Amino acid sequence: QDHVCSLFKVPFRGAPCSDAAGRQVPYRVIMKQANSSLSGVLWDEVQKSPFYEYKDSSGHFHQVWFDDPRSISLKAAYAKNRGLRGIGMWNGNSLDYSREAVAEQQTEAMWQALTP
């Protein structure tokens with residue numbers, strides 16, 4: 001209910017906890033899974049990022065954080081407004097490049113969001 005998800009303590013370069021406890025999920029999987037999740041897509045106003053929550057077949061709770069066109073464009077605008085040289089996207093090959101109409105729209109929106 002409070003959307004707090006604890007990470008296992010997996011030390012990384014001296015930090016007591018890191019995202020090394022998680023794994024990367026392709027955007028195409030996220031988009032298909034988010035709509036059928038327990039929570040639907042939620043928005044964190046502090047991080048300016050979407051996330052959703054689900055339970056796996058073993059009953060374990062998971063939280064998935066990701067970027068979407070809205071969060072990417074906010075980050076791109078932040079960089080531009082502060083005179084920074086730009087932003088990057090982690091693994092553009094995780095987008096859905098199938099010929100499905102929805103996938104094409106989602107992928108195009110992600111690439112467009114990189115240019116504020």
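The values are calculated or read from the model by the stated rules, or taken from the named source; none is laboratory data. Treat the numbers as computed from the prediction; the structure is a model and nothing was measured. Cβ: placed from backbone, ideal geometry, glycine included. Neighbour counts: every protein chain shown. All accessible areas refer to the heavy atoms of the entire protein, side chains included, with ligands and DNA or RNA removed. Shrake-Rupley method; radii C 1.70, N 1.55, O 1.52, S 1.80 Å.
Probe of 1.4 angstrom, ligands and nucleic acids ignored: what's the accessible area per residue over region 39-116, in square angstrom? Kindly include the intermediate steps, with their values, before the conclusion.
On the way: 5240 Å² over 78 residues.
Heavy-atom accessible area per residue stands at 67 Å².
I'd like to know how region 19-113 sits against the 2.2 N^0.38 Å rule of thumb: what's its Cα Rg over that expected value? Write down the numbers at each step before the final one.
Working: Rg = 14.4 Å, N = 95, 2.2 N^0.38 = 12.4 Å.
Expressed relative to 2.2 N^0.38 Å, the Cα Rg reads 1.16.
I'd like the FRET efficiency for I87 and L42, computed as 1/(1 + (r/R0)^6) with the beta carbon distance as r and R0 of 30 Å, rounded to 0.05.
Details: r = 23 Å, r/R0 = 0.76.
Plugging the Cβ-Cβ distance into 1/(1 + (r/R0)^6) gives 0.85.
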